[in-house]
Amino acid sequence: MSNKRDILTKYVPHGIDHKMFFPITEFMTDATAALKDMKKSIFGSFEPEFVILYNARNIRRKSTSDLIAAWNVFTDSIGKDKAKKCALLLHTQRADEHGTDLTKVVDLLCDPSYQKVYFAEDRYTPQQMNLLYNMADATALISSNEGWGLSLTESMMCGRMIIGNVTGGMQDQMRFTDKTGKWFTPSKDIPSNHYGTFKDHGKWAVPVFPSNLSIVGSIPTPYILDDRCDFRDVAKAIQQVYEMTAEERMTRGMAGREWVTSAESKMTAQAMADGVAETLQKAIDTFKPRKQFELIKITELPRKKITHPLVY
């Protein structure tokens, strides 16, 4: 509680329904049948051995074209024969005025004979989205700035690994540990880990540290850091996941589900609801009604400045 304005703040992360998003096992007869049908509807007769999923809008800051470029570099690095058995699945709009024409990007950057990219443009139900995540070996999101990155949380809830740019809320989900061994908490001195101050992280994540930072903004939000990662680094991250055995990927992914459902992360739907309810109750308990009027002395407002260093 701030003494200056009596503003109540509490960190409540996004929460996912762990019963809606879950790992599908061979013993779940109905789910495995639905998963098989979903694969056929997207890939046809092709049965990829390795799948990277992208689930986000086709807009500039999501860096979707960079992911496609990374796929080009990755598939070239493993050779055509192995690349033919891999697939990049883009659950997004093919074209959007706030992004680009991804079909043309794929045509320019990828050879369809071995660099396979599939689009899924349908709006899916949560049950279908669960199937989509279970089709993948990992979910990739390399946005240059991101408040949270919900597709990563959903992927972890489904027991799948994540590849993400270290920026904004995505880094929270990678569980970087500070020098004391605790989950890194941004502070005035270190407001973000995008410089790579801390390297240790959860085994379910393959982080990509941005290669450069740029200050961008708009009229309502004049200042925000845009963390751009190099698509060549993203290609290396994809290859790192590819070179793991299926068993290792599953073990790491399940560690992500275990953490995302834990009391520490508080990233389940129930934990989110409890966090909101707790904050609202505290606001009610500490509420002080405003006076009918107040006298305000008009003075020049203090100059606004950032409260953290640009380099840390």
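Read-outs: derived from the displayed coordinates by stated rules, not from any lab. Because the structure is a prediction, the values reported are computed rather than measured. We place every Cβ from the backbone using ideal geometry, glycine too, and count neighbours over all the protein chains shown.
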### Dipole axis of the chain (+1 Lys, Arg; -1 Asp, Glu on Cβ), positive-most option in Leu35, Val208, Thr25
Val208
### Task
Give the residue from Gly181, Gly149, Tyr242 lying farthest towards the positive end of the charge dipole for the range 144-255; charges sit on Cβ (+1 for Lys and Arg, -1 for Asp and Glu) and the dipole is referred to the Cα centre.
Gly181
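How big is the charge dipole of the range 172-249 about its Cα centre, in debye rounded to the nearest 20, if each Lys and Arg gets +1 on its Cβ and each Asp and Glu gets -1 on its Cβ? Mind showing how you got there, number by number?
On the way: 10 positive and 11 negative charges, 29 e Å.
Computed about the Cα centre, the dipole is about 140 debye.
Quick one: of Lys10/Lys282; Lys40/Lys85; Lys182/Lys266; Lys36/Lys104; Lys10/Lys288, which pairs are farther than 21 Å apart, Cα to Cα? Each step should come with its number before you reach the end.
On the way: Lys10/Lys282 10 Å; Lys40/Lys85 15 Å; Lys182/Lys266 15 Å; Lys36/Lys104 29 Å; Lys10/Lys288 19 Å.
Where the Cα-Cα span goes over 21 Å, the pairs concerned are Lys36/Lys104.
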### Task
Report the charge-dipole magnitude of the range 29-273 in Debye, nearest 20, computed about the Cα centre from +1 at each Lys and Arg Cβ and -1 at each Asp and Glu Cβ.
160
### Query
Which peptide among 124-133, 154-163, 24-33 comes first, and what is the full order, when sorted by highest mean count of other Cβ atoms within 10 Å?
154-163, 124-133, 24-33
### Message
Cut-off is 10 Å between beta-carbons; in what order do Leu88, Leu102, Leu295, Leu109 appear when sorted fewest neighbours first?
### Response
Leu295, Leu109, Leu102, Leu88
### Summary
re the range 1-93: pairs of Cα atoms spaced beyond 23 Å account for a percent value of 52
### Task
Quick one: give the max-minus-min coordinate of the C-alpha atoms of the chain along each principal axis, largest first, in Å.
74, 41, 41
### Query
What number, rounded to the nearest 500 deg cm²/dmol, is the helix-based mean residue ellipticity at 222 nm of the chain, given -39500 (n - 2.57) per DSSP H run of at least four residues and division by all its residues?
-10500 deg cm²/dmol
#### Entry: Projected-area average for the range 37-190 over all orientations - Cα convex hull basis, square nanometres
10.6
### Query
Using the per-residue mean of other Cβ atoms lying within 10 Å as a proxy for protection, in what order, highest first, do the peptides 91-99, 203-211 fall?
203-211, 91-99
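Going by how many other beta carbons lie within 10 Å of each one, how would you line up Ile219, Ile42, Ile306, fewest first? Walk me through the numbers before you get to the answer.
Numbers: Ile219 5, Ile42 20, Ile306 8.
Lowest count first: Ile219, Ile306, Ile42.
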### Task
May I ask what percent, to the nearest 5, of DSSP beta bridges between residues of the range 124-220 are antiparallel?
10
### Query
For the range 5-150, what is the charge dipole size about the Cα centre, in debye to the nearest 20, if Lys and Arg each add +1 at the Cβ and Asp and Glu each add -1 at the Cβ?
180
### Query
How large are Rg and Dmax for the range 181-312 when only the alpha carbon atoms are used, in Å?
21.7, 69
### Query
Among Asp172, Asp274, what is the fewest-to-most ranking by other Cβ atoms within 10 Å?
Asp274, Asp172
